[in-house]
Amino acid sequence: MAGFRALARDVRNPRRHITARRTSLRKCLERFAPYGHRATWHHLCSRAGIALEDRHPEPTRLITALEELEEARALWLGYEADFAARRRREKHHGIRQPSAVDDWHLHTWGGCDILPCESPSAHPDGRLAEVLARLIRAMETGPASSCPVCAQDRLAWHDDLGRYPWEGPVCGDCGIVVPVPVLTAEALAAVRHTRSGRAAHPARPAAAPVRHHRRYATV
Ligand SMILES: [Zn+2]
């Protein structure tokens, strides 16, 4: 299976048919898709001015989309490398404790579904790298009571997300599933109480079947 960089080279290769280059960009999202595959594709197309189903996009627009993805990936992989190094140091000093952060990283490692969006068309507007930078700052500064991306506190608990984390706090403003480790215990308790208040989101699609297994059964 081709890696991200090989796929990116295929996207840039002017000797390939534009439809094949577009397909390679979509395959890049199987390696790195912070909002999940569909929402990340929707985001990149929106920002680069590509119609979602256009199989013959302008090459320059395709490259624009790829560059936004690459910029975000470089930022995120740098963060993960720093995080892993810090964990190793902590473990060496015997202070490493399993935590919600570890669990969250286990499921998002490499950059897929970092900030899953419940609806493919409802995701943050900003540049992908800027959004991830805000999340990294939130991870590094510690738990807060609002969304790490848009700073709003209109969070509601959704228990039918259809994929990891299966249930969690969804931001009513920017659409992301907020990673639990960036919220304080108080904020988390408050948002859990919104379970019965989901009428605040009447446009949500029909409930997907709740799945009880996790992608990684063992660590
Ligand atoms: Zn938000």
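The values are calculated or read from the model by the stated rules, or taken from the named source; none is laboratory data. Note that this is a predicted model, so its numbers are computed, not measured. Cβ placement follows ideal geometry from the backbone for every residue including glycine, while neighbour counts extend to all protein chains displayed.
Screening ASP160 with (1) at pLDDT below 95; (2) of a type outside the set (S, T, N, Q); (3) within 11 Å of the ligand (Cβ to nearest atom) gives one miss only, at (3).
Residues are listed down the side, and each one gets a yes or a no for (1) more than 16 Å from the ligand (Cβ to nearest atom); (2) assigned to a helix (DSSP H, G or I); (3) at pLDDT below 95; (4) surrounded by 14 or more Cβ atoms within 10 Å (Cβ to Cβ):
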| position | (1), (2), (3), (4) |
| --- | --- |
| MET139 | no, yes, yes, yes |
| PRO169 | no, no, no, yes |
| PRO202 | yes, no, yes, no |
| VAL210 | yes, no, yes, no |
| VAL219 | yes, no, yes, no |
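Residues in segment 103-121 that are within 24 Å of GLU67 (Cβ to Cβ) and in a loop (DSSP other than H, G, I, E, B): TRP109, GLY110, GLY111, ASP113, ILE114, LEU115, PRO116, PRO120, SER121.
Candidates ALA129, ALA151, ALA122: the one that is closer than 24 Å to GLY78 by Cβ and within 15 Å of the ligand (Cβ to nearest atom) is ALA151. In this structure, ARG55 does not qualify as closer than 24 Å to GLY175 by Cβ, surrounded by fewer than 20 Cβ atoms within 10 Å (Cβ to Cβ) and touching a residue at least 12 places away in the same chain (Cβ under 8 Å). Tallying residues that are under 12 Å from GLY111 (Cα atoms) and either touching a Phe, Trp or Tyr at 6+ places or on another chain (Cβ under 7 Å) or not charged (D, E, K, R) (or both) within segment 51-79 yields 9.
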